[in-house]
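Dumping the structure here so I can ask a few things about it.
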């Protein structure tokens, strides 16, 4: 399969290098709690919860943390009520940005997001201003080092037969993409064959990538770091065509 997905490369590298495990677990716990609150605590009958738990396991979140987050969602433990919000805007140089949030204080979160955009030379947009530039897809990342005997052709056929759209073969990992409706089937088919995942998530992938003049690189990286460091912000997606030689 042809092509090179800049989005997944950067997400994968940052995910492997990110040492802020506690912050990651805090965000994942919110994700699990909301999924359990909305669809119940049994992952077999709650696809959103199943996806959330799978994502948490891919990040090596302890099972006790996962169970506690589920119980907060079902009301078995006292917890905070979170609201899901997605903000859209433009980063420096007109880069399209989507920001997914889970917050217990919408006013605080929107003020912070707006401030981050403004501080880095961008601006918060209206609903629908950039979301049409992205596709909502399932993403599975498999670390090649963990499966040195993996036959690439067999993996490709297994993934495609299970409903995947594409398989990218990169230097140190495989990336499988699928429609949201096929994500669970593809994930389970690969798990049944013994595969584990570095990433297993539903994500927004840009339809096209945009180059950014070098003078905007520093501010765009700053915007990414500020967004990712905020407890209320679950994910930030953008369409920046990040240069391969850029130090992240």
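For the condition buried (at least 16 other Cβ atoms within 10 Å of the Cβ) and either in the same structural domain as residue 158 (by TED's automatic domain parsing) or without any contact (Cβ under 8 Å) to a residue 40 or more places away in the chain (or both), what is the one hit in 211, 201?
201
Picking from 144, 191, which residue would you name as being out of contact with any helix residue (DSSP H, G or I) (no Cβ under 8 Å at 6 or more places or on another chain) and either under 15 Å from residue 50 (Cβ atoms) or at pLDDT 95 or above (or both)?
Answer to the check: 191.
All but one of (1) under 21 Å from residue 231 (Cβ atoms); (2) modelled with pLDDT of 90 or more; (3) part of a helix (DSSP H, G or I); (4) out of contact with any strand residue (DSSP E or B) (no Cβ under 8 Å at 6 or more places or on another chain) hold for residue 34, so report the exception by its number.
So residue 34 meets the others, but not (4).
Has segment 92-114 got at least one residue that is touching a strand residue (DSSP E or B) at 6+ places or on another chain (Cβ under 6 Å), in a loop (DSSP other than H, G, I, E, B) and under 28 Å from residue 181 (Cβ atoms)?
No, because not a single residue in segment 92-114 is touching a strand residue (DSSP E or B) at 6+ places or on another chain (Cβ under 6 Å), in a loop (DSSP other than H, G, I, E, B) and under 28 Å from residue 181 (Cβ atoms).
Of the residues in segment 169-185, how many are under 16 Å from residue 203 (Cα atoms) and either free of Cβ contacts under 8 Å to residues at least 40 places away in the same chain or in a strand (DSSP E or B) (or both)?
6
Residues being in contact with a strand residue (DSSP E or B) (Cβ under 8 Å, 6 or more places away or on another chain) and closer than 16 Å to residue 231 by Cα: count how many of those fall in segment 115-137.
0
Looking at segment 45-61 only, could you name the residues that are part of a helix (DSSP H, G or I) and either free of Cβ contacts under 8 Å to residues at least 60 places away in the same chain or surrounded by fewer than 18 Cβ atoms within 10 Å (Cβ to Cβ) (or both)?
Passing the criteria: 45, 47, 48, 49, 52, 53, 56, 57.
To continue, here is another question. If residue 129 meets every condition in (1) part of a loop (DSSP other than H, G, I, E, B); (2) closer than 30 Å to residue 89 by Cβ; (3) free of Cβ contacts under 8 Å to residues at least 40 places away in the same chain apart from one, which number is that one?
Residue 129 satisfies every listed condition except (3).
OK, next. Given the conditions (1) surrounded by fewer than 17 Cβ atoms within 10 Å (Cβ to Cβ); (2) assigned to a helix (DSSP H, G or I), and given that residue 86 satisfies all but one, which numbered condition is not satisfied?
Unmet condition: (2).
The rows are residues; the columns are (1) modelled with pLDDT of 95 or more; (2) under 21 Å from residue 141 (Cα atoms).
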position: 3; (1), (2): no, yes
position: 21; (1), (2): no, yes
position: 27; (1), (2): no, yes
position: 76; (1), (2): no, no
position: 81; (1), (2): no, no
position: 85; (1), (2): yes, no
position: 90; (1), (2): yes, no
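Now for a different question. Of the numbered conditions (1) outside the structural domain of residue 94 (by TED's automatic domain parsing); (2) more than 24 Å from residue 23 (Cβ to Cβ); (3) surrounded by 18 or more Cβ atoms within 10 Å (Cβ to Cβ); (4) touching a helix residue (DSSP H, G or I) at 6+ places or on another chain (Cβ under 6 Å), residue 183 satisfies every one except a single condition; which is it?
(4)
Looking at this structure, is residue 155 in contact (Cβ under 8 Å) with a residue 12 or more places away in the chain, assigned by TED's automatic domain parsing to the domain that holds residue 194, in contact with a strand residue (DSSP E or B) (Cβ under 8 Å, 6 or more places away or on another chain) and surrounded by 15 or more Cβ atoms within 10 Å (Cβ to Cβ)?
For residue 155, the condition - in contact (Cβ under 8 Å) with a residue 12 or more places away in the chain, assigned by TED's automatic domain parsing to the domain that holds residue 194, in contact with a strand residue (DSSP E or B) (Cβ under 8 Å, 6 or more places away or on another chain) and surrounded by 15 or more Cβ atoms within 10 Å (Cβ to Cβ) - is met.
Sticking with this one: On the given criteria, is residue 43 on the phi < 0 side of the Ramachandran plot and over 19 Å from the mean Cα position of the chain (by Cα)?
Taking the combined requirement at face value, the residue satisfies it.
The values are calculated or read from the model by the stated rules, or taken from the named source; none is laboratory data. Everything numeric in this text was worked out from a predicted model, so none of it was measured. When we count neighbours, we look across all protein chains shown, and the Cβ atoms used for this are built from the backbone with ideal geometry, even at glycine.
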